[in-house]
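Could you have a look at this structure, given as structure tokens, before my questions?
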Amino acid sequence: MFANSKTHIMGILNVTPDSFSDGGQFIEPTNAINQAKKMLEDGASIIDIGGESTRPGAKEVTEKEELTRVIPVIKAIRTFSDCIISIDTSKPTVMEQAIAAGATMINDVRALQEENALRVASKLQVPVCLMHMQGQPRSMQKEPHYTDVVLDVKQFLQQRINDCLQAGIKKSNIIIDPGFGFGKTFEHNILLFKAINQFVEMGYPVLVGVSKKTMIGQILNEENVDKRNNASVVMAVLAVQQGASILRVHDVKPTVDALAVISSLE
Ligand code: 9MG
């Protein structure tokens, strides 16, 4: 699905009351569904639906609550689109029920490390994104520490890839992600961003998610997340130029337009 050279735009759909950038406006299923429609019309090929906020400091959510948030939205999107629906979760039961409801991909910020997650993902046989995170969202930004951030993150991802292959997940279903902002200082994020090409060299499609994140706020000295859109598009372009295959973004249309400019020059 992600092996060719096409760049996929993954539109973010947070069905949470406390997401950092959209402030819970898509917790209402109707709003969420309209937002998904808009992102698809704008050119997204993947919709990433999450019912657990993973922003720094976020509290964990119960399985029941997560299911209540995401399942109706997945079912509704499936009635009008055959797009790739990605379920952003670490919980095996949510993975299973989301796929049964029509999702076709798993995005796990905990890289299938929760109990039973590896076994369930292997059984489901869908593409899975393995993301690196140091710590847990509640405390991950307290004191992130690495010996060599690029090497450490690469080693972690390679270990998770090996565990996935061992568990029966097909190589063609694995996507990797350095996890920008997840247990990383500004300097760590910059070093990782400059090394996206090294992650691409690992031989798996690379997903990059920097849209509106704190690192962009720090570059711009801009607290207001709504004023980070332009810089988010620039970083998306720079990620593609290093070989990223999937861009996880809030603003689909400007990112699609930027990619059209790049491909017209190839
Ligand atoms: C859920 N989520 C928030 N940020 C993310 C990122 O950078 N990558 C992935 N895979 N998921 C993310």
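Please specify each residue of region 121-145 satisfying the condition of being buried (at least 16 other Cβ atoms within 10 Å of the Cβ) and either closer than 21 Å to Val200 by Cα or of a type in the set (Asp, Glu) (or both).
Matches in region 121-145: Val126, Pro127, Val128, Cys129, Leu130, Met131, His132, Met133, Gln134.
Would you tally the residues in region 72-105 being of a type outside the set (S, T, N, Q) and surrounded by fewer than 21 Cβ atoms within 10 Å (Cβ to Cβ)?
12
While we're here: Can Val73 be described as touching a residue at least 60 places away in the same chain (Cβ under 8 Å) and either more than 16 Å from the chain's Cα centre (by Cα) or away from the ligand (no atom under 16 Å from the Cβ) (or both)?
yes
Something else now. Residues in region 57-68: is at least one small (Gly, Ala, Ser) and at pLDDT below 95?
yes
How many residues does region 106-120 contain that are over 27 Å from Ser81 (Cβ atoms) and surrounded by 21 or more Cβ atoms within 10 Å (Cβ to Cβ)?
Residues meeting the conditions: 2.
So which of Phe193, Phe199, Phe182, Phe156 ends up being among the hydrophobic types (A, V, I, L, M, F, W, C), in a loop (DSSP other than H, G, I, E, B) and surrounded by 17 or more Cβ atoms within 10 Å (Cβ to Cβ)?
Unique residue meeting the criteria: Phe182.
Additional query: Is region 214-227 home to any residue that is within 22 Å of Lys38 (Cα to Cα), hydroxyl-bearing (Ser, Thr, Tyr) and buried (at least 20 other Cβ atoms within 10 Å of the Cβ)?
Looking for residues that are within 22 Å of Lys38 (Cα to Cα), hydroxyl-bearing (Ser, Thr, Tyr) and buried (at least 20 other Cβ atoms within 10 Å of the Cβ), one finds none in region 214-227, hence no.
Is it true that some residue in region 40-48 is touching a residue at least 12 places away in the same chain (Cβ under 8 Å) and farther than 14 Å from Val249 by Cβ?
For region 40-48, residues touching a residue at least 12 places away in the same chain (Cβ under 8 Å) and farther than 14 Å from Val249 by Cβ: absent.
Separate question: Answer yes or no: is there a residue in region 49-64 that is among the acidic types (Asp, Glu) and more than 24 Å from Val128 (Cα to Cα).
no
Turning to a different aspect of this structure: Within region 230-263, which residues are among the polar types (S, T, N, Q) and either crowded, with 18+ Cβ neighbours inside 10 Å or within 20 Å of Ile84 (Cα to Cα) (or both)?
Ser232, Ser245, Thr255
Going by the structure shown, is Leu247 in contact with a strand residue (DSSP E or B) (Cβ under 9 Å, 6 or more places away or on another chain) and within 14 Å of the ligand (Cβ to nearest atom)?
yes
Residues of region 44-71 being of a type in the set (Asp, Glu) and crowded, with 23+ Cβ neighbours inside 10 Å, which ones?
Residues satisfying the conditions are Asp48, Glu52, Glu66.
Right, next: Ser172 fails exactly one of the following numbered conditions: (1) more than 20 Å from Arg248 (Cα to Cα); (2) away from the ligand (no atom under 15 Å from the Cβ). What is the number of that condition?
Tallying (1) more than 20 Å from Arg248 (Cα to Cα); (2) away from the ligand (no atom under 15 Å from the Cβ), Ser172 fails exactly one: (1).
When you check Ile169 against the structure, is it over 18 Å from the mean Cα position of the chain (by Cα) and under 28 Å from Ala121 (Cα atoms), yes or no?
Yes: the conditions hold for Ile169.
Among the residues that make up region 138-157, is at least one of them in contact (Cβ under 8 Å) with a residue 60 or more places away in the chain, within 16 Å of the ligand (Cβ to nearest atom) and closer than 21 Å to His8 by Cα?
There is no residue in region 138-157 that is in contact (Cβ under 8 Å) with a residue 60 or more places away in the chain, within 16 Å of the ligand (Cβ to nearest atom) and closer than 21 Å to His8 by Cα.
The values are calculated or read from the model by the stated rules, or taken from the named source; none is laboratory data. As the structure is a prediction and not an experimental result, all values here were calculated from the model. In this analysis, Cβ positions are derived from the backbone assuming ideal geometry, glycine residues included, and neighbour counts consider all displayed protein chains.
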